[in-house]
Amino acid sequence: MNRGPYALRRALKGMSEYQFLAVATISVIATVLLLLGAFAIVLTNLSGVLDRWGKDVQISCYLQENIGDAGVFRLKAELETMSEVAAVTYVSKDEALQQFGNSIEGLDRILADLDTNPLPASLEVRLLPAFQRPEQVAQVAESLERPEFQALDYSHEWVERYHNFLSLLRLSALVLGTLLLAAAVFLVGNTIRLAIYARRDELAIVALVGGTKWFARLPFLVEGALQGLLGGLVSLILLRLLHQYAFLEVQDSLGMALGPDLMVFLPTPALVALLAAGLAVGLLGAWTSVARSREEAL
Amino acid sequence: MIQFRDVTKVYRKTGTALEALDLSFDEGEFAFITGPSGAGKTTLLKLLYAAERPSSGEVLIEGRAISRLHPRSVPWLRRNMGVVIQDFRLLPRRTVAENVALALEVCGLKQADIQQRVHAALDRVGLRDMANRLPTELSGGEQQRTAIARAIVNEPSIILADEPTGNLDQELSFDIMGLLVDLCHEKRATILVATHDRNQLDAWNVREVQLADGRLVGDVLADEKANGSNRRPTTEVEQAEADEQPQAQGDCIANQEERPDSRPEDEDWQAQEDPGEEASI
Ligand SMILES: Nc1ncnc2c1ncn2[C@@H]1O[C@H](COP(=O)(O)OP(=O)(O)OP(=O)(O)O)[C@@H](O)[C@H]1O
Ligand SMILES: [Mg+2]
């Protein structure tokens, strides 16, 4: 029937009649979502970095000096058949020297003066994404052992530590996010209860003239939902600004070291989720306070 | 139309407010409920619009025990009633017209219908030109008229008014009471007015139900009042006789025109549930 439009009109009117309370509710929701969003941006980017470095998880197999081209070719083919292996590249002694020379400014000139090339040739083994967890890398490395290799090398400690750090971060994000959302529901519930208290006459009069419970409550729920959505929207805008002016600054100073697209903005699903969280918090806050307020007997 | 059968109301905190009350009102009757402060007048009215439930006994409207009404059906009962409460609460931030319209909006009427009926109701109480004012911009009497307009806008068959002239001066009080009495004539509504305003009680030749300490201590019919015979015994036997008297009591039934049978909606409060209601959220 026309209960929906009525509720919407009432909700809008209620928000304009009690602007202070509306602004308070929207601010609380926006602040919480902003914190969550900022955290999500940091998290997204950190796992992005891990993913990229994960692609770089390579096991360098340094070859003995006396293995000929045929031997190298046979070894390379053998490693490539392994199910964990994505690709194997051969790096000759000369290439190794060149890469090493390029890694530090001016080093190539120093190296050019050497009589002999001290660097071994190597097979660089890149693993499939499914086998890049630290313990798996160690396992694969073990199975790569051959007499033709003088040494195996991979940066396991670092990857492991990074992984642990990231799990910790995810866990704390979960805990913090839950706490924040619960606090938001509580705060929103309280501000809406204030709004209801300010308008308790309305609930009583609606009851007196024969309005059902839902007729009286629906405007408050709509109001909560609207404020939640608005809070979500405000948080998105602030997040965008924060990203633009704070995070990208960080990228400018660190970007070279950490990779080109550090500090990306949140993906669309995450933005939608943020809006949905605002809606849910607003609705839940309104619900908890409306359910607790009984229309007082007249 | 309205019957109290051996009704006792005990408030948990303050004790007995009404005791063994036997009382009935006919359709189209106008009656004052009177008695000193704390006598139980408001409680009696609250039992009728189901804001309170009797501790024992039964309250019947058109044969239905509203004292046992499911809480979900209470709204439909009230849509069939007009209630003016003691402090005639209006919504302070809404105009006169919006305050009156609320009683129709809860029924889900179309805006056009609402506008038209609100206009008619405001016309009826003489507030046509004040439709767009806020309650704070009205005098006490005008506020009271607004509350009455809200009570009559859905053409109820029962109007309950609790001290409708509570803090108004004499002239305004006559005005308001006259309005209610006229409504009784016009709409053939049953109207109960709680008041302890002696001037009003003496001025109108209508039934007077007297309460004291929660007990019925007198029930003076309009004609008896005119004849000057004051007290009317209220033993159970005689009460039962009184119930059977089909004759009109009070002077409001004099011109019995057909009561317009147009309700805001065909919803019947006697229906236990409205299926559309729960679905709307
Ligand atoms: N909600 C309530 N809870 C507890 N006690 C109540 C409540 N309402 C009324 N009472 C008590 O019941 C008795 C009757 O009260 P009621 O309001 O019916 O009197 P009244 O005749 O309307 O008085 P007044 O003329 O002052 O309005 C009083 O003693 C009052 O204190
Ligand atoms: Mg009272």
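The values are calculated or read from the model by the stated rules, or taken from the named source; none is laboratory data. Predicted, not measured: the structure shown is a model, and the values here were computed from it. We place every Cβ from the backbone using ideal geometry, glycine too, and count neighbours over all the protein chains shown. Surface accessibility is based on the protein's heavy atoms, side chains included, excluding ligands, DNA and RNA. Shrake-Rupley method; radii C 1.70, N 1.55, O 1.52, S 1.80 Å.
Points worth noting:
- Comparing Cα centroids, the range B:102-137 and the range A:176-239 end up 28 angstrom apart.
- Distances between placed amide hydrogens fall under 5 Å for B:G218 paired with B:Q210, all partners being 5 or more residues away or on another chain.
- Take the Cα radius of gyration of chain A and divide it by 2.2 N^0.38 Å, N being the number of residues; the result is 1.59.
- Sequence-separation-based contact order of chain A, relative, with Cα cut under 8 Å and 6+ spacing, percent: 31 percent
- The range B:17-53: GluC sites (Glu not before Pro) in DSSP coil with no more than 16 other Cβ atoms inside 10 Å: B:E27
- Annotation: B:E142 carries an accessible surface of approximately 40 Å², with a 1.4 Å probe and no ligand, DNA or RNA atoms counted.
- Relative packing of peptides B:149-158, A:170-179 - highest average C-beta neighbours within 10 Å first: B:149-158, A:170-179
- Straight Cα distances below 28 angstrom link A:K93 to the lysines A:K55, A:K76, with same-chain residues fewer than 8 positions distant left out.
- Residues in the range B:54-64 carry Karplus couplings, in order, of x, 6, 8, x, 9, 10, 10, 10, 6, x, 9 Hz; the curve used is 6.51 cos²θ - 1.76 cosθ + 1.60 with θ = phi - 60°, and Gly or Pro positions show x.
- Hz values of 3J(HN,Hα) by residue in the range A:224-240 - Karplus curve (6.51, -1.76, 1.60), Gly and Pro given as x: x, 5, 4, 5, x, 5, 4, x, x, 5, 4, 5, 5, 4, 4, 4, 4
- Shielding value for A:198-209 is 6, the average number of Cβ atoms from other chains within 10 Å of each residue's Cβ.
- For the segment B:128-136, counting C-beta atoms of other chains within 10 Å of every residue's C-beta and taking the mean gives 0.
- Cut-off under 5 Å, modelled amide H: who pairs with A:A86 long-range: A:R126, A:L127, A:L128
- Sequentially through the range A:134-148, phi angles give Karplus couplings (6.51, -1.76, 1.60; θ = phi - 60°) of x, 5, 5, 4, 4, 4, 4, 4, 4, 6, 8, 3, 9, x, 6 Hz, Gly and Pro residues having no value and appearing as x.
- Between the residues A:F100, A:Q132, A:L114, the greatest Cα displacement towards the positive end of the dipole of the range A:85-143, with unit charges on the Cβ of Lys, Arg, Asp and Glu, is found for A:Q132.
- The listed peptides A:271-279, A:223-231, B:176-184, ordered by packing as a protection proxy, come out as A:223-231, B:176-184, A:271-279 (highest mean of other Cβ atoms within 10 Å first).
- Just so you know, the Cα atoms of the range A:58-153 work out to an Rg and Dmax of 14.6, 43 Å.
- The range B:65-140 shape via C-alpha gyration tensor axes, a/c threshold 1.5: prolate
- Structure-based [θ]222 nm, chain A - -39500 (n - 2.57) summed over DSSP H runs of at least 4, per residue, nearest 500: -24000 deg cm²/dmol
- Within 10 Å of the Cβ of each residue in A:212-218, the mean number of Cβ atoms contributed by other protein chains is 5.
- To the nearest ten degrees, helix A:19-55 and the longest principal axis of the Cα atoms of chain A are 10 degrees apart.
- For the cross-link pairs A:K213/B:K46; A:K13/B:K46; A:K213/B:K110; B:K46/B:K110, the ones whose C-alpha atoms lie over 24 Å apart are A:K13/B:K46; B:K46/B:K110.
- Rounded to the nearest 100, the interface formed by chains A and B buries 2700 square angstrom of accessible surface, both chains summed, with a 1.4 Å probe.
- Residues B:T95, A:T25, ordered by accessible area of protein heavy atoms at a 1.4 angstrom probe radius and largest first, appear as B:T95, A:T25.
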